[in-house]
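Read the structure below first, then the notes.
The values are calculated or read from the model by the stated rules, or taken from the named source; none is laboratory data. Treat the numbers as computed from the prediction; the structure is a model and nothing was measured. Methodologically, a virtual Cβ is constructed for each residue, glycine included, from the backbone with ideal geometry; neighbour enumeration extends over all protein chains shown.
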Amino acid sequence: MEKLAHLKIPLEDIRSATDNFADANLIREGGFGRIYKGKLTRSGKTVDIVARKFFAKRWGGSKEFWMEILMLSSLKHKNLVSIVGFCDENDGMIIINNRMAMGSLDKYLSDPTFTWTQRLQVCLGVARGLSHIHYDKQRNSSVIHSNLKSSKILLDEKWEAKISGFELAKTNPVARRHDLVLVYDISGTYAYVDPAYVKSGGVTHKSDVYSLGVILFEVMCGRKAFTDWNEEDHNPQYMTTMLDLKKLQVPKEVLLSQLVKSHYEARNLDDIIHPGLRVQMESQSLKIFSEAAYYCLKEQRTQRPSIDRIIVALDKALEHQLKRENSERSIVEPQGTSTSYLEGKDLEHLKIELDAIVSATENFDEKYYIGAGGYGIVYKAELEHIDSSATKAKTDSKMPKIRSTVAIKSIIERDDMQGEEGFLLEIKTLSSCNHPNVISLLGFCYERPRMFLVYEHASNGSLEDYLGGEGKMTNLTWVRRIKICIDTARGLDYIHTTFLDKERIIHRDVKSANILLNENWEAKIADFGLSKVNPTNHMASTLYTMNIAGTEVYLDPEYKRTGKLKKESDIYSFGVVLFEILFGRLAYDTLYTTENEKGLAPIARQHFEKGTLKKMVDPKLMDESDENTFTLTKGPNQESLDTFSRIAYKCLAETQAKRPTIKVVIKELEKALDFQVSQCL
């Protein structure tokens, strides 16, 4: 015990740090005791700490207390918590650790703003921490955690994972590290415990692998390892004993481990993944991750992967995810839009309190979720806001307010600051924007680190929602599709030429996901987080950017190659959207990307030039007939189709100089509409 003497902390100091273990400082109560937060002063420095006060008479107490101290004082790794000290005065048992700024992993499972990329990085950290305790050549012993669960994974201010809770740890000599360690008392937490433990009476490293598999699926699905269960005296979230395990009959539907295995084998994991997370996941990343997690849950320990194999798999899953994020959007070039902008403008009429947003969404309950993207999660709720239809100037802080259904976008905070940059840019752009084909900003909330934008709600979703799936385009006749295109073009004309008479906007991310549809199927351009402002007093119409931003399959090839950004860059992206509407498929549909990694655009150009475009047209359009006419002719009017496809093709010219202006595009689309409507008369 002498070697631990330097870690002893007087009880009086701990009482002072926690206000005598005040209820206000209680973080949680667990199987071994209560956990308090506090501020401890040592050697003239004050640090944030957690004090774990063990129950002396529960689970043997003392044995687990000393095991925790022994483990934390001997194990050193960036993914393990470190010990500050302990106290055993007056038969008390208290362990002091540094307090992790972000708390425990279980708090964030259902929060989709805790992004898939962040989750992958946390899981990698946990796996690396386990690898260290299982075997390190500088130690002569191997450690089995035996009680791994999401509440034991702590997160520091940089979201780095730290494994805690070594009360039940078991040790083996390195030479026998793969052997079974018999356990006669506490087994762990039921929802995470290795089922092979019941049969064998002991644990191995593969028992930790099983528990990790449960955590991986918690992280992937956005839900806890157990659901509510009313069985008296037992709940799968609590620790249990060998005797309990043998007699306890827990329904399979209570445990996530059973649910995910059945869904994985039926190939319908999407049904149980939080939709706000699923939309963020790159397909190969999800495939690799879910396969690794599934094999962790194998009944036979020999079929479970080693922790080092899991690390390799998680590394690959993260690599695929980052590759997609980098291809979709590169770093947004700083544009001088900072928080000072919010202070320098009269935007009081747009400010909405965080409490109002939390209340409207019932603390962001999943039932209010309607979508997500790389930079934010969107909820639909009833909220009081300014009346955007009022004729008074928007700078008037006494503008009338109304209550209606709105879209609330929660901005994801990112290390690269892209989320905040886009948030401020949207406010700067949309707070002065007024056009029926541009989405209206109704308010914002900025209470760091939380950022929210409140928009008018487009009840028919985005254009992207109607592309690519069987039956998705049934509501979109050829006439309606052309009208959506004309609306979008008019919105682009507004931001390109008439916006404020002072500044022109280049959107930089025109795509079907950013074209929203209201209850009357009127199109509205949204998401100005990547836009660039080109003042009218700027002599040149071209901007040069160091960093390229946008979505790969919609990106202007000349802009991507040279950094030259012009209004014609938006024209190219709009041309891709026109062909999406004509073909009924998204630009990144595998039908296109398997033929050409650049997606729809080069394939559309190729078919137009060969005269084979008609075979690419959405079959639903070719079968369409107008119930108001007596003609037996099906499909779009040929002149309408030709006019539409010609202007779409011109938009996709390889060089900016050869692309039409937006006014020419509008004129040609209106012609296409006239040809179609004339056929119906």
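Checked against (1) out of contact with any Phe, Trp or Tyr (no Cβ under 7 Å at 6 or more places or on another chain); (2) at pLDDT below 95; (3) of a type in the set (Lys, Arg), residue 177 meets all criteria but (1).
Among the criteria (1) surrounded by 21 or more Cβ atoms within 10 Å (Cβ to Cβ); (2) within 23 Å of the chain's Cα centre (by Cα); (3) at pLDDT 90 or above, the one residue 358 does not fulfil is (1).
Against the conditions (1) modelled with pLDDT under 90; (2) assigned to a loop (DSSP other than H, G, I, E, B), residue 223 satisfies every one except (1).
Any chance the range 239-246 includes a residue that's in contact with a strand residue (DSSP E or B) (Cβ under 7 Å, 6 or more places away or on another chain), at pLDDT 65 or above, surrounded by fewer than 24 Cβ atoms within 10 Å (Cβ to Cβ) and not in a helix (DSSP H, G or I)? Looking through the range 239-246, none of the residues is in contact with a strand residue (DSSP E or B) (Cβ under 7 Å, 6 or more places away or on another chain), at pLDDT 65 or above, surrounded by fewer than 24 Cβ atoms within 10 Å (Cβ to Cβ) and not in a helix (DSSP H, G or I).
Residue count for the range 101-124 under the criterion of being in contact with a Lys or Arg (Cβ under 8 Å, 6 or more places away or on another chain) and either part of a helix (DSSP H, G or I) or at pLDDT 90 or above (or both): the result is 3.
Listed here are the residues, each with its yes/no results for (1) part of a loop (DSSP other than H, G, I, E, B); (2) at pLDDT below 90; (3) not hydrophobic (A, V, I, L, M, F, W, C).
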| position | (1), (2), (3) |
| --- | --- |
| 568 | no, no, yes |
| 581 | no, no, no |
| 626 | yes, yes, yes |
| 636 | yes, yes, yes |
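Within the range 137-163, restricting attention to residues that are in a loop (DSSP other than H, G, I, E, B) and surrounded by 23 or more Cβ atoms within 10 Å (Cβ to Cβ), the residue that is nearest to the chain's Cα centre (by Cα) is 149. Restricting attention to the range 635-681, the residues being of a type in the set (Phe, Trp, Tyr) and either within 18 Å of residue 487 (Cα to Cα) or not assigned by TED's automatic domain parsing to the domain that holds residue 613 (or both) number 2. Residue 160 passes every criterion in (1) of a type in the set (Asp, Glu); (2) more than 19 Å from residue 35 (Cα to Cα); (3) touching an Asp or Glu at 6+ places or on another chain (Cβ under 9 Å) apart from (3). For the criterion of being among the acidic types (Asp, Glu), at pLDDT below 85 and closer than 26 Å to residue 449 by Cβ, residue 366 passes. Candidates are the residues of the range 170-220 that are assigned to a helix (DSSP H, G or I), farther than 21 Å from residue 122 by Cβ and aliphatic (A, V, I, L, M); the one that is farthest from the chain's Cα centre (by Cα) is 175. Note on the range 1-97: enclosed strands (runs of 3 or more DSSP E) holding 2 or more residues that are buried (at least 16 other Cβ atoms within 10 Å of the Cβ) are 33-42, 45-54, 83-87. Looking at 183, 209, just one residue is under 22 Å from residue 64 (Cβ atoms), surrounded by 15 or more Cβ atoms within 10 Å (Cβ to Cβ) and modelled with pLDDT of 70 or more, and that residue is 183.
Mind checking whether some residue in the range 409-420 is hydroxyl-bearing (Ser, Thr, Tyr), surrounded by fewer than 15 Cβ atoms within 10 Å (Cβ to Cβ) and at pLDDT 80 or above? Looking for residues that are hydroxyl-bearing (Ser, Thr, Tyr), surrounded by fewer than 15 Cβ atoms within 10 Å (Cβ to Cβ) and at pLDDT 80 or above, one finds none in the range 409-420, hence no. For residue 90, the criteria (1) in contact (Cβ under 8 Å) with a residue 24 or more places away in the chain; (2) under 30 Å from residue 272 (Cα atoms) hold in every case but one, which is (2).
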